[in-house]
Amino acid sequence: MSKVSIFWRRASMAGWDATSWMLALGAVVVVRYDFQLAQAQWLASLAYTVAGLALTIVGCYAFHLYLGRSRVGSFAEATALGFLMLVVGVVLGGIFMLVPSFARGVALVLPVLALTFMGFGRWAFRNMFRRHRRRPAPDEAVSPPAALVYGAGDAGHDVARLIDTSTPAPYRLVGFIDDDPNKKYRRIRSYRVLGRGSDLGAVVRDHDVRVVILAIGTASRRLTDRLAEECREAGVKLLTVPPVRERIGMPVRLHDLREFNVADLLGRRPIHTDVAEIAGYVKDKVVLVTGAGGSIGSELSRQVSRLGPRRLILLDRDESALHALQLSLYGVGLLNTDDMVLCDIRDQAALREALHHHRPEVVFHAAALKHLPMLEMYPLEGWKTNVVGTLNVLEAAHEVGVTTLVNISTDKAADPTNVLGRSKRCAERLTSWYSEELGLRYLSVRFGNVLGSRGSVLDTFRSQIEHGGPITVTDPEVTRYFMTIPEACELVLQAGAIGGPTDVMVLDMGEPIRILDIARRLLDEAHRGDIDITVVGLRPGEKLHEALFSAREHGQPSAHPLITRVAVPPLAPTKVRGVDPHSHEDVGRALTGQAAVVAAQPSTASAPSSPASAPSSPASTQVTSVQEVLTR
């Protein structure tokens with residue numbers, strides 16, 4: 001909008017407000033006094049009116065009502081204008097009541113009538129503007145597809161406004177669907193609520209709907225599942241408004257609308273975190289993240305960087321991953337600063353040197369090997385990284401005085417049946433030992449699969465779709481817990497703020513999702529109904545259904561509704577250090593044996609009695625096999 005048009009818009013609004021006062025004076029004189037006013041009363045009333053319109057115009061400029069503070073005709077503008085007129089009426093009424101010739105009724109009625117005329121003018125302007133914006137483009141030859149909005153709340157109102165004011169309009173809105181019976185007769189921008197969710201199929205047929213827009217920021221998983229299935233059967237496209245947390249409180253924008261995707265299968269539980277509580281143990285601290293280049297580690301690094309740490313140290317053994325992370329965080333990829341640490345947590349000496357150099361105060365330990373089939377074939381690698389590597393991190397962190405350490409674990413550590421689960425269970429128990437024996441605030445956070453992480457089922461299925469299929473599913477009934485990466489990392493940070501000694505903080509993953517449903521949803525997204533889904537059977541060590549708690553664990557509520565705490569038995573470091581790390585046969589027997597061996601209580605007699613014994617390996621406590629480590 002040009003400066004000239006802005007000037008005339010403001011001038012016309014001020015002119016209309018002045019006219020409203022004059023019209024109000026005329027109405028009062030005609031209706032109330034039938035022009036029967038003495039000359040002195042006329043002069044007093046005219047002076048009152050001029051003073052009122054002057055104060056109104058000055059006040060509107062002072063409160064920026066002419067400068068775009070609120071949309072013309074909006075509730076916010078009406079509220080501000082009403083308050084201004086109340087002040088003007090009270091002030092002028094108090095002054096002119098002292099004038100003997102002033103008609104008292106003018107002070108009571110005139111401001112109200114003036115406000116009514118002002119409001120009418122703004123209402124008329126807004127409606128003319130709306131009709132002008134809704135007028136289709138002259139060269140529009142094809143009618144846009146009919147759209148139905150599911151949800152008649154604030155998000156639905158925003159969607160209707162965006163469609164109305166877009167030129168050319170991408171959709172032709174036919175109405176709303178909402179499950180709230182109180183909205184049965186509601187109209188939003190002249191569009192009716194046409195029914196409830198159960199009426200969706202009939203409304204789609206009756207109005208030839210081609211697009212359904214889900215405009216509910218916190219839609220449950222049950223609702224999204226049902227709606228996706230009904231839209232698929234009806235042959236209509238399902239679009240969705242991103243959840244509020246993705247929009248960071250911003251209003252809906254037309255380009256935010258996207259096709260319903262796999263992440264929406266999780267439902268839209270609001271994730272509330274206490275940023276002040278999290279920042280309390282991160283802000284102005286030196287924070288180190290191991291496995292920083294991975295999916296969880298990189299998102300943790302991004303979220304931590306926004307909390308104001310004094311320094312953020314990013315450690316990984318993959319230089320390419322560190323390069324990508326530095327680019328995403330800082331916009332540069334030179335890798336020439338010492339906050340990018342190339343180090344393998346298996347290398348005890350290099351890890352100690354890195355931590356002694358940077359002396360972190362908070363550590364997030366996300367480095368791990370996580371692919372179940374690979375670790376079943378190479379259990380020794382899982383032992384070296386997930387068990388010994390975690391112990392290296394714990395020992396070095398203790399040496400340099402780390403006050404808070406959060407170990408990232410997995411739901412496969414609950415009643416483990418595979419190498420991944422057993423090795424991560426050992427990591428939880430080692431963390432518990434440091435917390436219990438040495439009085440440190442070291443804890444673990446356990447959660448399930450993360451949508452979009454590298455090597456996840458989404459990557460596998462999408463790659464298979466790109467190559468023309470088939471999609472391979474282990475079992476039609478297999479289920480897994482899923483979270484999005486930002487949700488998981490946000491709760492990890494919160495768990496680090498509220499966790500106590502020996503705690504394993506278990507994140508609420510919602511309801512488990514069938515892997516078969518994810519495969520079908522990805523095929524719908526890719527519009528590849530020609531690709532088959534093949535069942536290949538469960539792999540060795542794989543469960544049909546995962547659990548977040550073992551049979552021996554009893555969850556206790558924490559300060560956060562989506563985080564539960566459990567206790568795991570400690571595992572003394574000497575039992576790990578006493579093992580020959582090159583004993584392939586012992587490691588294989590230990591990590592591929594029965595699930596119960598890891599859950600057993602450790603022998604209290606062999607636990608060290610002092611902190612000094614943690615990193616050492618005295619002959620008296622040496623253990624000769626990994627099997628013995630895991631069964632004690």
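Read-outs: derived from the displayed coordinates by stated rules, not from any lab. Just so it is clear, the structure is predicted and the values come from calculations on it, not from any experiment. So basically every Cβ, Gly included, is an ideal-geometry build from the backbone, and we count neighbours across all protein chains shown.
The table for this structure:
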read-out: Theoretical FRET efficiency, 1/(1+(r/R0)^6), r = Cβ-Cβ of Phe83 and Ala40, R0 35 Å, to 0.05; value: 0.60
read-out: Set Lys283/Lys384; Lys384/Lys575; Lys384/Lys412 screened for pairs whose C-alpha atoms are more than 24 Å apart; value: Lys283/Lys384
read-out: Asp459, Asp225 arranged by Cβ crowding within 10 Å, fewest neighbours leading; value: Asp459, Asp225
read-out: Under-5 Å amide H pairs with Val363, H placed in peptide plane, nonlocal only; value: Leu288, Thr404, Leu405, Val406
read-out: Note, ³J(HN,Hα) from phi for the stretch 347-352, Karplus 6.51, -1.76, 1.60, rounded to Hz, x at Gly and Pro; value: 7, 4, 5, 5, 5, 4
read-out: FRET efficiency, Ala202 to Arg126 (Cβ-Cβ, R0 51 Å, nearest 0.05); value: 0.90
read-out: Long-range HN-HN contacts of Leu214 with modeled amide H, under 5 Å; value: Tyr150, Leu239, Thr240, Val241
read-out: Cut-off under 5 Å, modelled amide H: who pairs with Arg172 long-range; value: Ala146, Ala147
read-out: Surrounding net charge for Leu342, when Lys and Arg each add one and Asp and Glu each subtract one, Cβ distance under 9 Å; value: -3
